[in-house]
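Input: a single structure, listed below in structure tokens.
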Amino acid sequence: MNSLKYKVTLLLIVTGISFSFSCKRGAVGNSDVDMKVNALLSKMTIEEKIGQMTQLDPGSFDGKESIKAAVRDGRCGSLLNYLGPVEVNEIQKVAMEESRLGIPLIIGRDVIHGFRTVFPIPLGMASSWDPEIVREAFRISSIEASSQGIKWTFAPMIDICRDPRWGRIAEGCGEDPYLVSSFATAMVKGIQGDNPADPTSLAACVKHYAGYGYSEGGRDYNTTNIIETELRNVVLKPFKAAKDAGALTFMSAFNDLNGVPTTANEFTLRQVLRNEWKFDGFVVSDWGSVMELINHGYALDAKDAACKAINAGVDMEMATTAYSDNIKQLLKEGKITESRIDEAVRNILKVKYELGLFENPYVSPEAEKKLLDPSFLDHARKVARESVVMLKNDRSTLPLSMNITSVAVIGPLADAPRDQLGTWCFDGREENSVTPLKALRDILGDKRVNYVVGLKYSRDKNKSDFDKAVAAAKRSDAILFFAGEEWILSGEGQCRGEINLPGAQTELIDALSRTGKPLIVVVLAGRPLAIGKEVEASNAVLYAWHGGTMAGPAIADLIFGKESPSGKLPVTFVKGAGQIPFYYYRYNTGRPASAKSYTPIDSIPVKNQQTSLGYKSSYLDYGYSALFPFGFGLSYTKFNYSDLSLSSNTMNSNGTITVKATVTNTGNMDADEIVQFYIRDRVGSITRPIKELKGFRRIHLTKGEKSEVAFVLAPDDLAFFNGTITAAEPGEFDVWIGPSSAEGLHGEFRFE
Ligand code: NOJ
């Protein structure tokens, strides 16, 4: 970082199309920042340096005065969860005016998918396949959060996850390195804006570095064992993208990675992040994860834990005090060096300068006005709309006519204002949520909406209201059943062994389907649930995730066809928990299954003596395919894919290749389509996945309109780490352009 503006060249979504954007890092030139940091560092006592490496939780103090005392004495350089313009200004004034060196605090908070205006959970936002609207959503979150004194958010969460049992799947952007990287870039740009020193910008904190989404068995905080090829080709990709987008901070994770907890992992923190990627922001631990090194059996005590985390490269400790209690002793014993401490403090101070905190530490009193602006709510509605994925629509059950005589609105998630906000929502208010019930009543009027909750909450097994629900269904023209999970069933620590619809929801759906009325199931949930039976029992299914403040109007917009559903799945839907892990970016095995080889369990003769059941890689009960594949999503219109062409059938190491197809809207409605581009490297020095997403484009086509969509591949897009080097290997490649990972027009070329 040596100039006022530095240019980041971003290889956009590996289409080979590269574009550059400029991003101002701080109000002063970077060499200027370095000089300021060094000048300040030279004046600091060891106690003040330790203070900068310490982030404290206000809840751990004995009242406000003791927080002020810690700040005044320079014992803490950061607070988390300290909120409100007046409060923040007051504590910042102590840091600026009463501490010896006047170093501002950096105040952090989890603003994961919105602040007061709540957007869909990140997995929902990822279903939009629209990084631009997500960038804007994070911009809005930052405008709101900064108005309350926050200058640093612990987002984006970009852990790739292929296990829907893991509650934190809700917080990430799905299973694919390319898709998650695209969102990682957009989110960082939204959070930090064009200039991190702008009063509305926050520092992003990329988390959880690394591998946390691979927690064994989908059980939170669990061990991860990830070989280096998988780590580099999949797990680390979004982190590198976030770093390249200018993310100022990283967070280490809770998990043990290949025998070394990530909070003390020199390979990820030192070798990859600092030496290879040249990251020059700072790394914070996760909450208490330094002390948890003891539980992991990797550190003997707090002193040992501090020593290992510091030496591995964790600059700031979150919430616990292993650093502040032990650094001096560790220095005395020569277990850590003063130069390592200086490096950590330098990293932290640099970010504080780049955020403009020294020049402008206070929040404007105008701040309150920046919450829930109507334009923010409009955007939340748009994002929620684009996040909905239509999984079924038999005989055009949807959209419903606005002239419909009446609808039955049933189900535990129809009017659950807190639940639709989803997990990790500290600052959203349920009184601001517009529920589906409210939105439907606003559109149709109370009289045309026959509402019976049926089950009071998702896990409810009490069937006493089933009759009422069925009666309401019978006197209506269509049934809208709002199924799902409450917010508390996903998120940190909220993992499930089974991923079915909880409680008696499936039975109620069955009872409703027997009425013969058109049954539309809308699912609001924090994970991809195994809903095969419910899909079968219904006529149409919309998967709406936890859609945030404006979920209700967004869903209603789609139900009445104001717009067509356009979301696509960012994660594979499995048939049941026993099929996990199952994701599209998988390896072929020596015995891939196909329709020909597969014998469903019910077709096996009772006394089967034969030995020709297939011996292929599949399950007798689940088969060999997903319930819904990655990238899948239906529309009210139809899109036809035709005319796939390649600019050449060979590509050399200095060249590129352009793959094109024509997409035509052949249906009856203007709509968006997400065009997806996949490749397969047929033979490699290590086995390669059967498909890899390498590009996507959301396009809008009016009725009858067609568009040619082109993707450019460069050799870098074919490169992978094979255990020794990262390179593209000569050989045959397949390409597909299509509407999902399971369909598409096929072509091939040779890389020489
Ligand atoms: C623990 C979570 O793992 C992390 O994501 C979060 O940012 C911190 N707590 C702070 O709340």
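The values are calculated or read from the model by the stated rules, or taken from the named source; none is laboratory data. The structure presented is a predicted model; accordingly, all values stated were derived computationally and were not measured. Cβ placement follows ideal geometry from the backbone for every residue including glycine, while neighbour counts extend to all protein chains displayed. The accessibility values were calculated without ligands, DNA or RNA, using every heavy atom of the protein model including side chains. Shrake-Rupley method; radii C 1.70, N 1.55, O 1.52, S 1.80 Å.
Every residue in the range 477-501 that is of a type in the set (S, T, N, Q), open to solvent by 10 Å² or more (accessible area, probe 1.4 Å) and within 16 Å of the ligand (Cβ to nearest atom), please.
Q494
Restricting the search to the range 411-424, which residues are open to solvent by less than 40 Å² (accessible area, probe 1.4 Å), away from the ligand (no atom under 16 Å from the Cβ) and of a type outside the set (A, V, I, L, M)?
Within the range 411-424, G411, P412, P417, D419, Q420 meet the criteria.
If A264 passes every condition in (1) open to solvent by less than 60 Å² (accessible area, probe 1.4 Å); (2) over 29 Å from G246 (Cα atoms); (3) not basic (K, R) but one, which one does it miss?
(2)
I need the full set of residues from the range 530-563 which are assigned to a loop (DSSP other than H, G, I, E, B) and within 24 Å of the chain's Cα centre (by Cα), in order please.
Correct list: A530, I531, A544, W545, H546, G547, G548, T549, M550.
Out of everything in the range 204-233 that is more than 16 Å from the ligand (Cβ to nearest atom) and open to solvent by less than 10 Å² (accessible area, probe 1.4 Å), what residue ends up being farthest from L293 (Cα to Cα)?
Selected residue: L231.
Filter the range 282-332 down to residues that are of a type in the set (F, W, Y) and open to solvent by 10 Å² or more (accessible area, probe 1.4 Å) and give me whichever is nearest to Y212 (Cα to Cα).
Filtering the range 282-332 for residues that are of a type in the set (F, W, Y) and open to solvent by 10 Å² or more (accessible area, probe 1.4 Å), the one nearest to Y212 (Cα to Cα) comes out as W287.
Condition check: touching a residue at least 60 places away in the same chain (Cβ under 8 Å), within 16 Å of the ligand (Cβ to nearest atom) and acidic (D, E). Does D427 satisfy that?
Yes.
Using the structure shown, decide if K237 is more than 20 Å from R346 (Cα to Cα), away from the ligand (no atom under 16 Å from the Cβ) and in contact (Cβ under 8 Å) with a residue 12 or more places away in the chain.
yes
Within the range 613-631, does at least one residue satisfy the condition of being aliphatic (A, V, I, L, M), open to solvent by 50 Å² or more (accessible area, probe 1.4 Å) and not in a loop (DSSP other than H, G, I, E, B)?
no
What pairs come out if I take residues in the range 186-207 that are of a type in the set (V, I, T) and pair them with residues that are in a strand (DSSP E or B) and within 16 Å of the ligand (Cβ to nearest atom) whose C-beta lies under 8 Å away, six or more apart or interchain?
Sorted first by the residue in the range 186-207, then by its partner, the pairs are V188/A204; V188/V206; I191/T153; I191/A203; I191/A204; V206/T249; V206/F250; V206/M251.
Examine the range 171-181 for a residue that is touching a residue at least 40 places away in the same chain (Cβ under 8 Å), within 14 Å of the ligand (Cβ to nearest atom) and not charged (D, E, K, R), and state whether such a residue exists.
Checking the range 171-181: at least one residue is touching a residue at least 40 places away in the same chain (Cβ under 8 Å), within 14 Å of the ligand (Cβ to nearest atom) and not charged (D, E, K, R).
With without any contact (Cβ under 8 Å) to a residue 60 or more places away in the chain, within 30 Å of L40 (Cβ to Cβ) and among the acidic types (D, E) as the only criterion, which of E354, E343 stands out?
E343
Do we have any residue at all in the range 707-717 that's at negative phi, in contact with a Lys or Arg (Cβ under 6 Å, 6 or more places away or on another chain) and buried (at least 21 other Cβ atoms within 10 Å of the Cβ)?
Looking through the range 707-717, at least one residue is at negative phi, in contact with a Lys or Arg (Cβ under 6 Å, 6 or more places away or on another chain) and buried (at least 21 other Cβ atoms within 10 Å of the Cβ).
What helices (runs of 4 or more DSSP H) lie completely within the range 61-168 and have 3 or more residues being closer than 29 Å to R698 by Cα, away from the ligand (no atom under 15 Å from the Cβ) and open to solvent by 20 Å² or more (accessible area, probe 1.4 Å)?
Correct list: 131-146.
Quick one: how many residues across the range 353-404 are of a type in the set (A, V, I, L, M) and open to solvent by 60 Å² or more (accessible area, probe 1.4 Å)?
1
Just to be sure I understand, how many residues within the range 234-261 are under 16 Å from V180 (Cβ atoms) and open to solvent by 10 Å² or more (accessible area, probe 1.4 Å)?
Count: 5.
So, A408, is that one farther than 20 Å from R135 by Cα, over 30 Å from the mean Cα position of the chain (by Cα) and open to solvent by less than 10 Å² (accessible area, probe 1.4 Å) or not?
Yes.
Return the residue satisfying two criteria in turn: it lies in the range 48-60 and is surrounded by 13 or more Cβ atoms within 10 Å (Cβ to Cβ) and out of contact with any helix residue (DSSP H, G or I) (no Cβ under 8 Å at 6 or more places or on another chain), and of such residues it is farthest from D325 (Cα to Cα).
Across the range 48-60, the extreme among qualifying residues is D57.
Cβ contacts < 6 Å: first residue at negative phi, restricted to the range 562-573; second residue β-branched (V, I, T) and surrounded by 24 or more Cβ atoms within 10 Å (Cβ to Cβ), any location; separation 6+ or different chain. Result?
From residues that are at negative phi, the pairs are P565/V388; G567/V388; G567/V389; L569/V389.
Would a scan of the range 169-184 turn up a residue that is at pLDDT 95 or above, open to solvent by 10 Å² or more (accessible area, probe 1.4 Å) and assigned to a loop (DSSP other than H, G, I, E, B)?
no
What number of residues in the range 502-523 are in a loop (DSSP other than H, G, I, E, B) and crowded, with 23+ Cβ neighbours inside 10 Å?
Number of matching residues: 1.
Looking at (1) within 15 Å of the ligand (Cβ to nearest atom); (2) under 12 Å from G211 (Cβ atoms); (3) of a type outside the set (A, V, I, L, M), which is the one condition that is false for F250?
All conditions pass for F250, except number (2).
Across the range 524-561, what is the number of residues that are touching a residue at least 24 places away in the same chain (Cβ under 8 Å) and open to solvent by 10 Å² or more (accessible area, probe 1.4 Å)?
So the count comes out to 11.
Could you please find all residues in the range 664-688 being over 16 Å from V735 (Cα atoms) and crowded, with 21+ Cβ neighbours inside 10 Å?
N665, A671, D672, E673, I674
Confirm whether Y587 is open to solvent by 10 Å² or more (accessible area, probe 1.4 Å), at pLDDT 95 or above, in contact with a Pro (Cβ under 7 Å, 6 or more places away or on another chain) and not β-branched (V, I, T).
Answer is yes for this residue.
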